[in-house]
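Taking it in order: structure first as structure tokens, then the write-up.
Values in this text are rule-based calculations from the coordinates and carry no lab data. These figures come from a predicted structure and were not determined experimentally. Quick reminder, even Gly has a Cβ in these numbers, built from the backbone with ideal geometry, and neighbours come from all protein chains shown.
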Amino acid sequence: MTIGSGHVRALCGRLTLVIAGGLAAALATASAVPAAVAPPRIGVLKSDGKALVKEGGLSATWVTEHDGIKQIALAGDRIGVLRADGAALVKEGGLSATWVTEHDGIKQIALSGNRIGVLTGDGRALVKEGGLSATWVTENTHVKQIALSGNRIGVLKSDGTALVKEGGLSATWVTENTRVRQIALSGNRIGVLKGDGTALVKEGGLSATWVTENTDVLELALSGDRIGVLKSDGVALVKEGGLSATWVTENDDVIQLALAGDRIGVLKGDGVALVKEGGLSATWVTENDDVTQLALSTGND
């Protein structure tokens with residue numbers, strides 16, 4: 001099975017925002033704390049620009065969060081949206097909490113714990129830590145993706161170099177790999193998707209050894225001890241456990257893959273968003289249709 005050109009264009013656009021935004025960079029200092037715990041959340045971005053979020057079970061009720069949106073991000077009890085005009089907004093608390101404007105002129109937003117990251121239109125990666133009104137720190141320049149996870153921050157430079165730092169916002173960068181087109185972080189794992197479609201993951205310190213996970217990959221996702229890849233033929237695979245665990249085929253005709261805790265989400269080529277909860281062979285639940293982006297959060301990420 002192959003993905004049609006329309007699906008490839010949709011995925012490429014989504015990779016610019018979601019994956020760049022969805023992938024993770026370590027953020028922590030001793031003062032960094034996780035976001036407040038919330039029930040697990042699912043977010044979707046509809047084709048009309050409306051951002052919807054539900055919390056709790058897979059059959060919970062959707063709440064419309066904002067309109068005129070081009071990216072949605074979830075972490076803990078925070079929701080972030082990127083408006084079509086480039087304004088990045090974040091709310092904290094319940095689904096009906098008040099929005100706070102974080103920055104203008106933005107092309108990606110990322111959330112993790114009590115940190116917020118944005119990528120500006122001119123390629124600057126900024127991160128703040130603490131409250132929604134905390135001060136921004138410039139982390140790097142000439143960046144095309146920023147990722148946040150735990151006490152790590154990752155950036156993908158415009159030349160394809162992937163860098164990660166661990167600890168405070170002023171920690172030293174470590175070069176992780178080159179000729180990279182996506183970076184992903186989760187816990188003590190770092191993943192990169194190379195320009196030739198090879199997906200690599202390392203576990204442990206920043207200088208740990210890379211393990212080749214799969215080839216002919218369009219998208220890489222990490223969460224806990226799970227690794228997910230979206231193959232160029234639209235097949236979504238997930239493995240659980242060690243880096244050499246066996247792959248399980250989850251779905252086909254997929255254009256986006258999302259992982260969070262024991263949940264797996266896929267966005268199908270026809271715009272239908274599906275989520276499963278539990279084991280890798282759990283049953284899929286149809287969450288919404290006419291969707292252009294899917295986001296998941298465990299509620300304590």
For this session: Would you mind putting 238-247, 81-90 in packing order, based on average other-beta-carbon counts within 10 Å, highest first?
Result: 81-90, 238-247
Problem set entry | the chain, relative contact order in percent, only Cα pairs under 8 angstrom and at least six apart counted | 18
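Report Rg(Cα)/(2.2 N^0.38 Å) for the stretch 163-278, keeping two decimals. Don't skip to the answer; put the middle values down first.
Numbers: Rg = 14.3 Å, N = 116, 2.2 N^0.38 = 13.4 Å.
The stretch 163-278 yields a ratio of 1.07.
How many Å³ per residue does the convex hull of the Cα positions in the stretch 67-223 occupy?
Values: hull volume 17.3 nm³, N = 157.
Cα-based convex hull of the stretch 67-223, divided per residue, equals 110 Å³.
Viscosity 0.692 mPa s, temperature 37 °C: Stokes-Einstein D of the chain from its Kirkwood Cα radius, in µm² per second? Could you put the intermediate results ahead of the total?
Values: Rh = 18.5 Å.
My calculation gives 177 µm²/s for D.
Can you show me the helix-derived [θ] at 222 nm for the chain, built from DSSP H runs with n ≥ 4 at -39,500 (n - 2.57) apiece and divided by the number of residues, rounded to the nearest 500.
Details: 1 runs with 10 residues, N = 301.
So the calculated ellipticity at 222 nm is -1000 deg cm²/dmol.
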Exercise. What is the ratio of the Cα radius of gyration of the stretch 117-199 to 2.2 N^0.38 Å, where N is its residue count, to two decimals?
Worked result: 1.05
For this session: Take the alpha carbon atoms of the stretch 246-301, find their center, do the same for the stretch 148-176, and report the distance between the two centers in whole angstrom.
Result: 27
